[in-house]
Structures are given as C-alpha cells and as structure tokens.
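The values are calculated or read from the model by the stated rules, or taken from the named source; none is laboratory data. In this text, all values refer to a predicted model and were calculated from it rather than measured experimentally. So basically every Cβ, Gly included, is an ideal-geometry build from the backbone, and we count neighbours across all protein chains shown. The area values use the complete protein model at the heavy-atom level, side chains included, leaving out ligands, DNA and RNA. Shrake-Rupley method; radii C 1.70, N 1.55, O 1.52, S 1.80 Å.
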Amino acid sequence: MLLPNSSTSNSEPPEPRSRFLVAPGAIAKLGRTAGFFLLFLALFEVLIWAVFTRTPLANSSIRQYLWYGVSYEAKLRQMVNTPNLPSNSLLYAGWLGDGKLQSLPRDTDLTVYGMSFSANLANAIEELRPKLSQRLVGGPGAPLSHTYAIYQVDKQLRKTRFAVIGVTSGAVQEVVLMNRGTLYSDSPFPYFFPRYKLDHGQLTLAANSLINSPAELRTALDTPELWQRQLAVLAANDAAYHRFFFAKDFLDNSAIGRLVRRGMSKRYLEAYSHSVLGPDGFRLDQEAPQLFRTLLRQMAQELRAENVQPIVVLFSLQGHADYLHDLVADILRDDAIPYVDSNDFCRSNDSGNYLADLHFNHQCDLKFAQRTLELIDAADKRRSGGE
Amino acid sequence: MLFNSVDFLVFLAVVYSLYLLLNHRWQNWMLLAASYVFYGWWDWRFLGIIAFTTILDYLVSLKIQSAASDGAKKRLLSISVVCNLALLGVFKYFNFFVGSFISLANHLALHLSWQAVHIILPIGISFYTFQSISYSVDVYRGQIAPPRRFLDYALFVAFFPQMVAGPIQRATYFLPQVVSPRQIELDQVSRGAFLILYGLFKKSVIADGLAGSVNSVFNAATGYSSLDVLIATYLFVIQVYCDFSGYTDIARGVAKLMGFNLSKNFKTPFYAESPSEYWTRWHISLSSWVKDYVFLPLALHYLRRGGGKLDEYKPHFYSMLLMGLWHGAAWTYVLWGVYHGAMLVAWDVFRVPRALGKKLLKPLRIALYFQITAVSLLIFRASSISQVGRLLRVLVAGGAARVTVPPPPLATLCAIPLFLVFDFAAYRHSSDLFYRRWPDAARGALVAGLLILLVMGWSNAPAEFIYFQF
C-alpha cells in the first residue's frame, strides 16, 4: 500500500523549472549517433542516384517508385520529351483543343461522356448489344466540368439520340480544378480543362486554360514565360492547386526529397477530399458539390434542348456508400432524368465488386449496361408510342 | 488531431517549447489546457464529458477520504462507479442494448419498433473512464490519497499523450509524477524521440500500409478464397499490433520528452505460449486493470462462497466478457471475450501446458498459441457474427489456392521484416532497449533506416488509430 503522496501535506512543494540532466558523455554519444545518421542518409542519396542512373535498374519499377514524388511539372517534361511516345499515351488523352473529336463517327445512337468508368460501360453495352452505335467522348479520370466543357465542343460535331453522362463519386471534388496534377501526381493526366463557377446560382465560365492540346503543352514547357502564365491561371482558379506539388524545384533532385513530396501530396489529397466528402456524405456548404449539381442539371437540360435523351450513370467508388446518389437525387427526380445508380447493383461497401485498379469488375459493368439499355428501350418505346 | 499528422507535430512543438520555459505548476496548467485543446480538436462537445468525469471523481474521492465509516465510503464509491458506467452506458452501449432487446423481442413475435438514437461516441471514453474508476477504487482502498490540487487530478485524467487510447494509467503510478516536479534527462529525451519515430514507423508505414490488403477481404461480402482469409487475418494481426503499439510508443515517447514515464502496454505479445501469458503481454494496462478490479475481487468472492470447479472459472469468463464489451458495443466483441475466456478455462481444464510441454518444443507452443490469437483477431476485425461464420467456413473449406489480396505498398513490404526482427530481438533480450547497447554507427543506421522507411510510408493513406473507437 502506498503512502499518501507529498501533495497532501501542508507544506507547498517547491516550484522549480524542470531540471534538464545530462549524464557525462551523453552529448558526445548522441552527437556520434547523429553524425552516423546523417552519413547514412547521404549514403542513401548517393546509392539511389548511382543505382538508378548508372545501372540497368534505371528503367525498373523501383526507379519508377522513387520517381513518383517528383513535381508534376517534371513528370510532364519527361512525358513530352520521351521519344517515340505511342499514340495511346496519356499525353494525348482528354484534350479539348486537339481536334480528335472530329475523327469520331458523326451519327450514332448513343454518345457516352465521362472517363474510364464510362468507357468500361460503353464496352459492356457493346458486348450486350453490338448493333447500338456509340461514340465515346471524355478523358481519363475526367470530372464533370471537363465532361461539360468537352460536350460544348462535341455537340457541334455529332447527331445522337441518347447521351450517357458518367460521373464518379470520387470526381465530385475535382469540378473546381483545371487539371488533376496537384491532387493525383502519381499518374499524370496532362490535359487541362476550363474552370466553372457559380454566380448567384448561375453557371459561369471563370477561366480557360492557356494550354489545350499536346502541341501547346510542348510549346509552353519550352517557353518559361508562357508556362508561368499558365501556373498563374491555375493559382488563381484551380481550387486545389499547390505550387509545391505542381511546379519543379530542387527537391526533384533528391530521393528523400521526392519521397517527402509524395507523402505530403497524399496527405494533401486526403485533407482536400475530407473537406468535400464528410463521414455522412458530401458537404453541401462546399463549392465543389454545389457546382457539381449545377453542372449536371445544366448538361441534362442542354441535351434535352437538342432533343437528346440524357441518362445519368452514377459510379460510386469503393467506400463512398450512396453519397453520390444522395447528392443529386432531388435533381434527378425533379427533372425526371433517367439514371443508373451503381450502388443499386454493386454495393460500394463490398470490395468484391471492384478490381485492384479501383474500377468495377466486368460483372458489375454488365449490370450497369443492362440497366442503361433498359432505360434506352423504355425511352424508345415512349417515343414510338408518342409518335 | 492524429499523432501521425502535421497538425500534431506543430501542436507538440508549441506545447514542448512552452513546457521547457515554465515552472512545475504552470507546466501542469499548460498541459491541462493543451490536453483539452487536443481532445476538443475532435469535437468540443466531448470536453463536457471528460470535465464531468473529472469533477465527479475528484469530489467523490475527497468525500471518500474524509468519510467516517466503511459503509459511507462504499456508498460514495458506488456513486463514482455507477456514474462512470452510466456515462459509458449512454454514450457507448445504449443503442446496442436497446437494439438487441428489440431484435430479441421481434424474434419472439413481440413486434416492437424503435428508431436508433444518434449518439456521438466520444473518442477514448473507455480509456479515461476506466482510469478514473480505478482512481476512485484506489482511494477507497486507501492505496492513494487524493491530490491537494484539483489541477493535478484533472491533468492525470486528461494528459493528452495517453488520454484517447491509453495506456490506462494507475493513480498510484502516474499521479505522483503529475504532483511532483519532473526532471528531464537527455537520455530520456533521446529514448522518447526514438519511441516517437518507431511508433510513427509502425503506424504510418506498417499499419496504414496493410489496411488496403486487410480490407480487401474483411470489407468484401464474397469473392475471397481460404488463402485470402488466412493472409488477411495474419496481416490484420500485424496491422492491429503495429497500430495500437505504435500509438502507445508515440504516447510514451511524448511523455518521456517531458519527463513522464507511462506504463508499458505491450511486451512482444505474439511470443506468448498460453492465454494467461498472452494477457501479460497484450494491452497490459487494460488486462491488469481487469485483473485488479474485476478478476481478483470476483475470484475472492467465489472462493469465499466455496463453490465448485465451475465457480472457479466464472471470474475468467466474466473478466474476458468485460474486456470484450469494453472494446465496443457489438456481438463480435462479446464473442471475442467469450473466446478468450474459453481459452483460459480450456488451458486449465485440459492441462494444456503440461500436455504441450511434453510433446512440443517452445517455438511450436508459441506458434500454436499464435494461431489461437489470430482467430481471436479475426473475430475482433469482423463486422458481424455472420461474417465470422462466413470467414471461418471459407478458411476451413480450403479449395483453390487463389490469392486476390492486393499486396501492400513497397514501403510496408520493406518495413515488415525490419519490424519482425526488432520484435524478435526485443523478445530474446526481454527488453526493447536492446538497440541502445549497439555501436553508434549501428544505431545511426537504424534511425536512418526507420526515417527513410517512414518517409516512404508517409504516402500510405492515413487512418485513425484503430483503438480510438474504443
């Protein structure tokens, strides 16, 4: 049994500042350890440099891993300077001003807008009904602001009866960006897209990118003044832009520096995502969800105005519950927009529905495709009934 | 505010700078204010609960101290225990118990309906509530006197490094450190800094890095093989250990920087050979709490009653059931407690130690008990009893040796062998201080290696500490 402690006595305990005690030789020992610590960090730097520039490992996946944390700008420079880049390289995908849309078929039953999820859906639709003619318009990882912008270009070039607007829950936060580089620098998608804003509830175009094609990107990277102007546009308009993650600097030359940048960029993404998507759904007091809702409604209205039936396909990423549907349910209901909610067929809390690359597995895509075709058939039936 | 966040680094830098400038009394005031800021960072409404617990138990302890009769002391202690348990009951178990009752009633064709009340679970409530209860009991038992200053007691309850996930401190051990002026030794600071680095390494590089692989099975309804379940379970064993012990290391490290010593929570638990040994190695602060405040009084009670063999085992079961329920309001935790209770009893009934001692070498005994621990953690991780059944069925059924569990990130794959070697060395030396006897160059290399891996693993998606939910 312990005795009552000293504070229970009548005398006040002394009130000295904490004493800092140093045992003899402790500082020297700590100093030696710290010296060796710094030496090993330096050795690591030299080793990484030597092994991954002077040996066959220069093209290995480990080198790629150690390169991830390089600035987005450095990645873009490496990409545009890679000789003999294949035509399906990401460098050439998603641009609004490269004229590629003109090479797509002009008269189709269905136009599918969106990103890779939409592309998988289009493939599944083709598998189920090969006779349905399609054109696919979008960009890798494209958010709805990109979709809306590319639709503005596309609608001048085609005739279609139905349009799928594919949107993912993960890309809601991206409608306030002009490029995905700050948030997702591991896998650069170089294309830029316009920045829209809400002005008293009305959709307005706030800024256009100065760079709208791979050729313009090459020119800008070779023209410091132009590149700095582009960075200034991003700094002023891209809600997630951060120079530390985007623009080239001295850390690009250090293995540890690159690892630090990568770690910080992942945490930056995490914090940014949490500011838009809370534990109970999208935060409607944030700009991104509000803008997303307006863009969706606007695009559906414009499609109807040109006599195209819109079908919205909501792709919920793993762990995102049914938040995407919750965000736009009232719009879909009030405007009577037909839609497919991935969560109705493949629950987002079941990781078995997803592939390792975060996309849905093929069985899920087939279910979404089947439902999309049912909506198309129902609309066709209504149309023929009306006629 | 997570330990593995930049916010916390800034917070700690500010708090530590002030700490070094102040005298003892102002240090305690500042630490109390910092602890409330730290706790209120999650939700300022939590502050009312911890303040209530603190004031209640401090006042009750003063009354117990001055009470004239044993009966009065007992009544006062009851007030403290009942109020603390009521807080836990409302904030942690209300929906669970009412929901379970309604479910049972509906099974019995009594058609009741009920809308779950949305009650926010204050983070770490189980930790500081148990700490506070133990203080009241210790005062009642005369093992410690209430401190003269309320400030000291309030800091004992709310000390930020350990408030939200332990280790649960005993007043007899920790309160004197709060009350008396502290000395800071350079040696202690360097040990504290190492513990913080090692804790961050375990949490950010290993635990967070393994989350994706573990979740790929435990968050999936179907589509996994027996090998997937096996791998995910083993990975979860490493994940939960690194997550919880990582938190403890950081808490102990931060406390050491300021001249405090927090009690240990882990001693290489996966080298246990038996259930009773396991509970001297895993979550020691909780298991020793349950032993001292539940198991021993119960054992004494049944011993006095002079019951049969069954009575002898009841304290094991009740203690483990409490441990299970302490973790949370879910039937999986109840099952987890029952499972561990059953293991304790089985080891005794079937005289497993002697049987195994004859036939098996020590490494095999350790390996065998590790499998038992792994099953308990499968139950712990599962989201429902039906998932436990499903996973165990798949595990036992065998079948195709197909693996769909995604591999952890490179940093995690590099870190796990280092961690296992470190843990094994700690086991062999019966101390995790073994590295301090290494030559300077080896220590420098160890710290550099940990830092490089930490920087590599910093890109793993940061998650809350698993034990924050308790």
- Query: Can you tell me which of B:Gln177, B:Gln169, B:Gln162 is outside any loop (DSSP other than H, G, I, E, B), touching a Leu at 6+ places or on another chain (Cβ under 8 Å) and closer than 19 Å to B:Ser285 by Cβ?
  - Reply: B:Gln162
- Any chance B:Ala441 is in a helix (DSSP H, G or I), more than 12 Å from chain A (Cβ to nearest Cβ) and among the small types (Gly, Ala, Ser): no
- Give the number of residues within the range B:141-192 that are within 9 Å of chain A (Cβ to nearest Cβ), polar (S, T, N, Q) and over 16 Å from B:Gln65 (Cβ atoms). 4
- Where in the range A:235-333 are there helices (runs of 4 or more DSSP H), lying fully within it, with 2 or more residues that are surrounded by 15 or more Cβ atoms within 10 Å (Cβ to Cβ) and away from chain B (no Cβ under 14 Å)? A:287-305
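One line per residue, one yes/no per condition, for (1) at pLDDT 90 or above; (2) under 25 Å from the mean Cα position of the chain (by Cα); (3) more than 25 Å from B:Ser384 (Cβ to Cβ):
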residue	(1), (2), (3)
B:Ser61	yes, no, yes
B:Tyr93	no, yes, no
B:Leu108	no, no, no
B:His118	no, no, no
B:Leu121	no, yes, no
B:Tyr128	yes, yes, yes
B:Pro147	yes, no, yes
B:Ala158	yes, yes, yes
- Query: Can you pull out the helices (runs of 4 or more DSSP H) entirely within the range B:201-296 that have at least 2 residues that are within 30 Å of B:Asn28 (Cβ to Cβ)?
  - Reply: B:226-257, B:284-290
- State all residues of the range A:78-93 that are open to solvent by 10 Å² or more (accessible area, probe 1.4 Å) and closer than 15 Å to A:Ala215 by Cβ; if no residue qualifies, say none. A:Met79, A:Val80, A:Asn81, A:Leu85, A:Ser87, A:Ser89, A:Tyr92, A:Ala93
- All positions within the range A:46-72 that are open to solvent by 40 Å² or more (accessible area, probe 1.4 Å) and facing chain B (nearest Cβ under 10 Å): A:Ser61, A:Ile62, A:Tyr68
- Message: Filter the range B:453-470 down to the residues that are within 13 Å of chain A (Cβ to nearest Cβ), buried (at least 19 other Cβ atoms within 10 Å of the Cβ) and assigned to a helix (DSSP H, G or I) and list them by number.
- Response: B:Leu453, B:Leu454, B:Val455, B:Met456, B:Gly457
- Here is a list of conditions, (1) surrounded by fewer than 15 Cβ atoms within 10 Å (Cβ to Cβ); (2) touching a Pro at 6+ places or on another chain (Cβ under 7 Å), and A:Lys75 meets all of them except one; can you say which number that is? (1)
- Note on the structure: Flagged in the range A:81-129 as on the phi > 0 side of the Ramachandran plot and more than 20 Å from the chain's Cα centre (by Cα), in numbering order, are A:Asn84, A:Gly99
- Task: Give the range B:180-224 a look and list any residue that's over 15 Å from B:Leu451 (Cα atoms), open to solvent by less than 10 Å² (accessible area, probe 1.4 Å) and among the hydroxyl-bearing types (Ser, Thr, Tyr), or say none.
- Result: B:Ser213
- Residue within the range B:163-175 that is under 28 Å from A:Thr33 (Cβ atoms) and among the charged types (D, E, K, R) present: no
- Query: Of the residues B:Asp423, B:Asp432, which single one is of a type in the set (Asp, Glu), more than 8 Å from every other protein chain (Cβ to nearest Cβ) and part of a helix (DSSP H, G or I)?
  - Reply: B:Asp423
- Counting residues that are modelled with pLDDT under 80 and on the phi < 0 side of the Ramachandran plot, which helices (runs of 4 or more DSSP H) fully inside the range B:337-412 reach at least 2? B:352-359
- Message: Looking only at the range B:57-75, filter to residues that are in contact (Cβ under 8 Å) with a residue 40 or more places away in the chain and open to solvent by 30 Å² or more (accessible area, probe 1.4 Å); which one of those is farthest from B:Ala330 (Cα to Cα)?
- Response: B:Gln65
- Message: Go through (1) open to solvent by 10 Å² or more (accessible area, probe 1.4 Å); (2) among the hydrophobic types (A, V, I, L, M, F, W, C); (3) away from every other protein chain (no Cβ under 14 Å) for B:Leu21 and report which single condition fails.
- Response: (3)
